[in-house]
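Novice: Shown below is the structure under consideration.
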Amino acid sequence: MKVYADNAATTKMSPTAISAMVTAMETTYGNPSSLYTIGQEAAEALQAARETVAKCLGCEAREITFTSGGSEADNQAIVSAAMLGQRRGKKHIISTAFEHHAVLHTLDKLKKQGFEVELLDVHETGLITPEQVAAAIRPDTCLVTIMYANNEIGTIEPIAEIGAVCKEKGVLFHTDAVQAAGHLHINVKEQNIDMLSLSGHKFHGPKGVGVLYARRGIMLTNIIEGGAQERGKRAGTENVPGIVAMAAALKEACDNIDANAAKVTALRDRLIDGLSKIPHCALNGDRVRRLPGNVNFCFEGIEGESLLLLLDQKGISASSGSACTSGSLDPSHVLLAIGRVHDVAHGSLRLSLCEENTEEEVDYILQAVPEVVQYLRNMSPVWRDLMEGKRQFIL
Amino acid sequence: MALYSEKVMDHFLHPRNVGVIADADGVGEVGNAKCGDIMKIYLKFDENQNVQDVKFETFGCGSAIASSSMATEMIMGKPLSQVLELTNKAVTEALDGLPAHKLHCSVLAEEAIKAAVKDYYDKNGIEYDPAMFAQLEDCENCDIH
C-alpha cells in the first residue's frame, strides 16, 4: 500500500488546481503587463485570482501581493514591519521560539542590523497565550510575528486574541499562516491580522507561489527589485498559471473547509489513539488545539531517519525532526522549544494527513509504525539500557 | 537520485551481525543520544586473536546502521592487527560512499571497533600506546559533517 502522509511538507495538486493551471498555460499565456488583448486577458486572470484569494482571507484584492511562496512572504512581511519600525525608532520584535526558519532566519538577519528579538516560550503544549504577548509588548515594539499553526506539531495559536492585543497596543501583527490556510478559517479583519503569509502547495495548489496579505496602509519594503508588478512591491513577471491554480485550490479548500476538517480530524484522532499504545512514546503538541491532519510523536530509544527509511520501504511517506533528517547537528528546534530533550527529539515522527487519506491507510500506518519502532528498538543500545534499567526512561 | 547507495540500503535493511555477545572479550560504545548516534560493538577473539565473532547495536540513522553492519562484516574473522587498521574511509568506500553529512557515521563505526579493542586490552592487562585511542576521548564525530 502507498500512503502519502506528509501533507504538511507538501500536497498533491488537486484536479481543480491542475485544470486551472493548464487553462492558464494554454489560453492566458500573455504577460499581464502587455497592453494587447492576450496580455490583458492574463491580467484579468490575475485579477480574478487576486479577488478569489482576497475573498478567502476576508480582505480586499489590493491587499494581496503574490510572491514565490510562504518564505518570501514571511521575509517581506517581517522586513517591511522592521523598516517601518526603524523609521520611528522602534526596533523590538516579538515572536516565538518555534516559528518556521523563514521567520527565524529573517529575524536573525534583523538582529545583526540592531533589532532586538524576543522569542516567547511556547510551553510543553506548543501554545502561547495572548497574555504573554501583552506582557512582552514594549513602547519600542514594532512587530509581533506568530505563526497561526505550527508546521511540525500542528498546534494552533490564539491568533485573533493575539491580534486584538496588538491592535490595542498599536503594534503590527504578522502571522505565518502557511499551515493554516485552506485548513482553518481565516478572516484577517475579524482576527485582527495586519499581515499574513501563505503558500500555494500546502492546500493542493502548486509549489513556487504564495501570498502576502498586508493591510491597506502598510508600506511594504521590496525584497525583489525590478519592474512595477504587484503595485511595485514585488518585481518579476507574475507566475500567472501558478497564481491562478493557487487561487482555485484555495477556493476549493475554503469551500470544503468544515467537511474536510471533520473527516481529517477523525482520521487524525484514530491515528493518535492507535500510536499512543506504543510503549514509551509521547504526542508532541496539544492534543486538542492542533491542525486536523497533524500527528507528531516521539518514540524513545530510536532515531527518526531510520524510522522514515523503513516506513518508506513499506510505502509510507512521513517526516521527522531528527538531526539526521535536517542535515544539522541538532534535532528540530520546534521539539526542543516544547521541552523535548535531544535524546527523544531525535526519535520523532510526523504524519500529516489530508482529506484524501482513508481509514484503511490509517490502519495500515497503525500496523506498520509499531513494527518498525520495535524492530529499531531491538537493535538500539539505548533501548537495551532502558530495558535493563541502566538508563532512565524519559517518556 | 536516491539518498543512499544500494549497498547502504542493503546493509540498512538487512543488517549483518546485529545483537550482543554475552561473553564478549571487548565492548565499545561511542557517540551519545544527544547527538542522535550511539554505536556499540561486541568483539570475541579466538586463541590466535582473530575475530571469532562480532555483533553490533546501533541507535542512529540509516547510514549509522549500515556503517556498523558493514564494519562488522569487514572485520569478521580478521586478525586483531587488521581490525585496528580499519578506517572510516574503508567503511565508506565499501558502502559505495555516504552523503557528506553522513561521513561521521563511518567514523563512529571505526571508533566503536577501536573502543571495543581498547576494552579488550584493558580487561586483559595488555599494554598499548594510549595515542592509538586518543580520538576516542572526545566526541569528535560530532564535528565531522
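The values are calculated or read from the model by the stated rules, or taken from the named source; none is laboratory data. All figures in this text were calculated on a predicted structure; none of them were measured in a lab. No Cβ is skipped: glycine too gets one built from the backbone with ideal geometry, and neighbour counts run over all protein chains shown. Ligands, DNA and RNA are stripped out before the accessible areas are found, and what is left, the full protein with its side chains, is counted by its heavy atoms. Shrake-Rupley method; radii C 1.70, N 1.55, O 1.52, S 1.80 Å.
Novice: Starting from the range A:1-110, pick out the trypsin sites (Lys or Arg not before Pro) whose DSSP state is loop and whose Cβ has at most 13 other Cβ atoms within 10 Å.
Specialist: Details: sites: A:LYS2, A:LYS12, A:ARG50, A:LYS55, A:ARG62, A:ARG87, A:ARG88, A:LYS90, A:LYS91, A:LYS109; in loops: A:LYS2, A:LYS12, A:ARG88, A:LYS90, A:LYS91.
Qualifying residues, ordered by number: A:LYS2, A:LYS12, A:ARG88.
Novice: What FRET efficiency comes out for B:TYR128 versus A:GLN313 if R0 is 45 angstrom and r is the Cβ-Cβ distance? Round to the nearest 0.05. Before the final figure, lay out each step's value.
Specialist: Working: r = 42 Å, r/R0 = 0.94.
After rounding, the FRET efficiency stands at 0.60.
Novice: If you find the alpha carbon centre of the range A:48-110 and of the range B:1-78, how far apart are they in angstrom?
Specialist: If you average the Cα positions of each part, the centres end up 49 Å apart.
Novice: What percent do you get for the relative contact order of chain A when only Cα pairs under 8 Å and 6+ apart count?
Specialist: It rounds to 22 percent for chain A.
Novice: Compare each residue of the range B:16-58 in its chain alone against the assembly with all protein chains, and report those whose accessible area goes down by 10 Å² or more; 1.4 Å probe, heavy atoms.
Specialist: The answer is B:VAL18, B:VAL20, B:GLU29, B:ALA33, B:LYS34, B:CYS35, B:GLY36, B:ILE38, B:LYS40, B:GLU57, B:THR58.
Novice: I need the fraction of alpha carbon pairs in the range A:89-133 separated by more than 16 Å, rounded to a whole percent. Provide the component values of the computation, followed by the final result.
Specialist: On the way: 394 of 990 pairs.
Percent of Cα pairs beyond 16 Å in the range A:89-133: 40.
Novice: Name the residue from B:PHE45, B:PRO79, B:SER68 whose Cα lies farthest towards the positive end of the charge dipole of the range B:6-138, charges +1 on Cβ of Lys and Arg and -1 on Cβ of Asp and Glu.
Specialist: Ranked along the dipole, the leading option is B:SER68.
Novice: Please list 3J(HN,Hα) in residue order for the range A:45-52, calculated via the Karplus relation 6.51 cos²θ - 1.76 cosθ + 1.60 where θ = phi - 60°; whole Hz, with x for glycine and proline.
Specialist: Values, residue by residue: 4, 5, 5, 4, 5, 5, 5, 4 Hz.
Novice: Roughly how large is the A-B contact in terms of buried accessible area, totalled over both chains, probe 1.4 Å, nearest 100 Å²?
Specialist: Counting protein atoms only, the buried area is about 2100 Å².
Novice: Of the listed pairs A:LYS112/A:LYS233; A:LYS12/B:LYS34; A:LYS207/B:LYS34; A:LYS91/B:LYS34; A:LYS55/A:LYS90, which have alpha-carbon separations greater than 27 Å here? Can you show the working numbers first?
Specialist: Details: A:LYS112/A:LYS233 24 Å; A:LYS12/B:LYS34 35 Å; A:LYS207/B:LYS34 35 Å; A:LYS91/B:LYS34 36 Å; A:LYS55/A:LYS90 33 Å.
Pairs exceeding the cut-off: A:LYS12/B:LYS34; A:LYS207/B:LYS34; A:LYS91/B:LYS34; A:LYS55/A:LYS90.
Novice: Shifting gears a bit: Mind giving me the FRET efficiency for A:GLN113 and A:MET1? R0 is 35 Å, r the Cβ-Cβ distance, nearest 0.05 is fine.
Specialist: Numbers: r = 51 Å, r/R0 = 1.45.
So the FRET efficiency works out to roughly 0.10.
Novice: For a test of the definition: using alpha carbon positions, the gyration tensor, and the 1.5 limit on a/c, classify chain A as rounded, prolate or oblate. Present the calculation step by step, with values, prior to reporting the outcome.
Specialist: On the way: a/c = 2.17, a/b = 1.39, b/c = 1.56.
Verdict is oblate for chain A.
Novice: Turning to a different aspect of this structure: Write out the trypsin sites (Lys or Arg not before Pro) in the range A:323-395 meeting two conditions: DSSP loop, and at most 14 other Cβ atoms within 10 Å of their Cβ. Intermediate values should be presented prior to the final figure.
Specialist: Numbers: sites: A:ARG340, A:ARG350, A:ARG377, A:ARG384, A:LYS390, A:ARG391; in loops: A:ARG340, A:LYS390, A:ARG391.
Filter output for the range A:323-395: A:LYS390.
Novice: Counting each pair of different Cα atoms once, what's the Kirkwood radius of the range B:1-128 in Å, rounded to one decimal? Before the final figure, lay out the partial values.
Specialist: On the way: mean 1/r = 0.0699 Å⁻¹.
Taking every pair of different Cα atoms in the range B:1-128, averaging 1/r and inverting gives 14.3 Å.
Novice: List the GluC sites (Glu not before Pro) within the range A:154-234 that DSSP assigns to loop and that have no more than 12 neighbouring Cβ atoms inside 10 Å.
Specialist: The qualifying sites are A:GLU190, A:GLU225.
Novice: For the protein assembly as shown, which whole percent of the accessible surface, found with a 1.4 angstrom probe, sits on carbon and sulfur atoms?
Specialist: Details: 11150 of 21490 Å².
Heavy-atom surface of the protein assembly as shown belonging to carbon and sulfur, 1.4 Å probe: 52 percent.
Novice: Hey, what's chain A come to in accessible area per residue, 1.4 Å probe, Å²? Write out the running numbers ahead of the final one.
Specialist: Working: 15320 Å² over 395 residues.
Heavy-atom SASA per residue in chain A reads 39 Å².
Novice: Still on this structure: Give the residue from A:CYS142, A:THR129, A:LEU119 lying farthest towards the positive end of the charge dipole for the range A:108-150; charges sit on Cβ (+1 for Lys and Arg, -1 for Asp and Glu) and the dipole is referred to the Cα centre.
Specialist: A:CYS142
Novice: For the range B:6-138, what is the accessible area per residue in Å², given a 1.4 Å probe and the full set of protein chains? It would help to have the intermediate numbers written out before the result.
Specialist: Details: 5300 Å² over 133 residues.
Computed with neighbouring chains in place, this is 40 Å² per residue.
Novice: Still on this structure, please answer the following. For every helix of n ≥ 4 consecutive DSSP H residues, a contribution of -39,500 (n - 2.57) applies; sum these over the protein assembly as shown, divide by its total residues, and give [θ] at 222 nm rounded to the nearest 500 deg cm²/dmol.
Specialist: Mean residue ellipticity at 222 nm (helix-derived): -12500 deg cm²/dmol.
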